[in-house]
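Chemist: One structure, pasted below without further comment.
The values are calculated or read from the model by the stated rules, or taken from the named source; none is laboratory data. All values derive from a computational prediction rather than experimental measurement. Cβ: placed from backbone, ideal geometry, glycine included. Neighbour counts: every protein chain shown. Accessible surface areas use protein heavy atoms only, side chains included; no ligands, DNA or RNA. Shrake-Rupley method; radii C 1.70, N 1.55, O 1.52, S 1.80 Å.
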Amino acid sequence: MKEIKSTKVNFKLLIFALSFTFYSILEGGLDFLNIYTAPILVILILLSFYQIIINREGITKKTLIVPVFKTVKTWREIKYYVTVKEFNKDHYARYNSSGGSISFLESSFLKLIQNQKTIRNSLGGILKISNCLWFIDNQSKVCLRLNMDKYSNSDEILKSIQINEISYGDEFEVNEPSFPFLGYKKFNELYFPRNPDEIALLEEKLTEPEKIKLNNLRKRKEKGDKVYLISRDLNLNMFFDKTD
């Protein structure tokens with residue numbers, strides 16, 4: 001198969017490194033860039049650029065300029081991939097309405113970040129939408145995550161992945177998933193039901209507080225209320241249709 005390469009930028013890390021550098025220079029002068037701080041900032045900037053490589057062996061994700069940090073997963077190590085639409089808090093939304101002063105550099109990068117699709121949750125907060133692929137290994141752990149919105153050739157990447165791996169099911173919507181350490185987060189298939197039988201099994205396994213919330217949402221639905229957004233905020237949206 002043809003080898004596919006694609007590059008992305010971690011804008012959050014890059015903004016932090018550059019903003020911290022310029023702010024410190026303005027406040028403390030060039031003395032700030034000493035033998036200790038300068039190498040750290042350079043490393044942070046270099047780590048902001050990533051590249052993924054997909055070939056017949058598998059998927060490699062590495063830092064672009066200094067490929068010291070990298071993750072390599074062969075197709076044999078991956079059991080399947082899961083298509084997930086993630087909803088996370090938009091920490092940059094406050095810049096849209098606030099009159100706070102930000103640098104030209106920050107403003108330029110924020111415009112790129114704010115091109116990301118957003119939606120309001122049930123309480124009116126702004127959530128950013130990320131279309132991702134989670135790769136699950138043979139130990140049922142999330143071993144790799146790709147944000148497909150960040151790659152210009154995402155269609156080509158997805159097509160190559162579909163040739164080599166099977167999909168767990170249709171797209172799932174997840175509210176604020178956490179990834180403290182990829183490879184350590186257990187993928188709980190129970191919370192990703194694909195048919196009525198699996199949904200019924202999940203309901204039996206819910207905690208008592210979750211069952212109470214689910215019953216309250218069902219009562220509100222019977223009264224004619226729209227409950228899907230609320231259910232998604234509670235990660236109970238698998239029990240409802242998007243039209244509910």
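Chemist: So in region 1-23, with the set limited to residues that are hydroxyl-bearing (Ser, Thr, Tyr) and part of a helix (DSSP H, G or I), which one is surrounded by the most Cβ atoms within 10 Å (Cβ to Cβ)?
Modeler: Result: THR21.
Chemist: Can you tell me how many residues within region 24-43 are open to solvent by 40 Å² or more (accessible area, probe 1.4 Å) and either modelled with pLDDT of 70 or more or within 27 Å of TYR151 (Cβ to Cβ) (or both)?
Modeler: So the answer is 4.
Chemist: Something else: Enumerate the pairs (first residue in region 118-129 and assigned to a loop (DSSP other than H, G, I, E, B); second residue anywhere and surrounded by 16 or more Cβ atoms within 10 Å (Cβ to Cβ) and not aromatic (Phe, Trp, Tyr)) with beta-carbon separation below 6 Å, excluding pairs fewer than 6 apart on the same chain, so at least 6 apart or on different chains.
Modeler: Close Cβ pairs satisfying both conditions: ASN121/LEU127; ASN121/ASP233; SER122/LEU229; SER122/ILE230; SER122/ASP233.
Chemist: Is one or more of the residues making up region 63-77 surrounded by 14 or more Cβ atoms within 10 Å (Cβ to Cβ), at pLDDT 85 or above, part of a strand (DSSP E or B) and not aromatic (Phe, Trp, Tyr)?
Modeler: Looking for residues that are surrounded by 14 or more Cβ atoms within 10 Å (Cβ to Cβ), at pLDDT 85 or above, part of a strand (DSSP E or B) and not aromatic (Phe, Trp, Tyr), one finds at least one in region 63-77, hence yes.
Chemist: Looking at region 205-225, is at least one residue closer than 25 Å to ILE78 by Cα and part of a helix (DSSP H, G or I)?
Modeler: Among the residues of region 205-225, not one is closer than 25 Å to ILE78 by Cα and part of a helix (DSSP H, G or I), which makes the answer no.
Chemist: With the condition kept exactly as written, say whether any residue in region 204-211 is among the basic types (Lys, Arg), open to solvent by 50 Å² or more (accessible area, probe 1.4 Å) and touching a Pro at 6+ places or on another chain (Cβ under 9 Å).
Modeler: No, every residue in region 204-211 fails to be among the basic types (Lys, Arg), open to solvent by 50 Å² or more (accessible area, probe 1.4 Å) and touching a Pro at 6+ places or on another chain (Cβ under 9 Å).
Chemist: Let me ask something else about it. So, in region 226-237, how many residues would count as being assigned to a loop (DSSP other than H, G, I, E, B), within 19 Å of PRO177 (Cα to Cα) and charged (D, E, K, R)?
Modeler: Residues in region 226-237 being assigned to a loop (DSSP other than H, G, I, E, B), within 19 Å of PRO177 (Cα to Cα) and charged (D, E, K, R): 0 in total.
Chemist: If you scan region 183-197, which residues turn out to be open to solvent by 50 Å² or more (accessible area, probe 1.4 Å) and either assigned to a helix (DSSP H, G or I) or of a type in the set (Phe, Trp, Tyr) (or both)?
Modeler: TYR184, GLU189, TYR191, PRO196, ASP197
Chemist: Right, here's the next one. Residues in region 161-168: is at least one free of Cβ contacts under 8 Å to residues at least 24 places away in the same chain and part of a loop (DSSP other than H, G, I, E, B)?
Modeler: no
Chemist: Just to verify a result, which residue in region 145-176, among those that are of a type in the set (A, V, I, L, M, F, W, C) and within 11 Å of the chain's Cα centre (by Cα), is surrounded by the fewest Cβ atoms within 10 Å (Cβ to Cβ)?
Modeler: MET148
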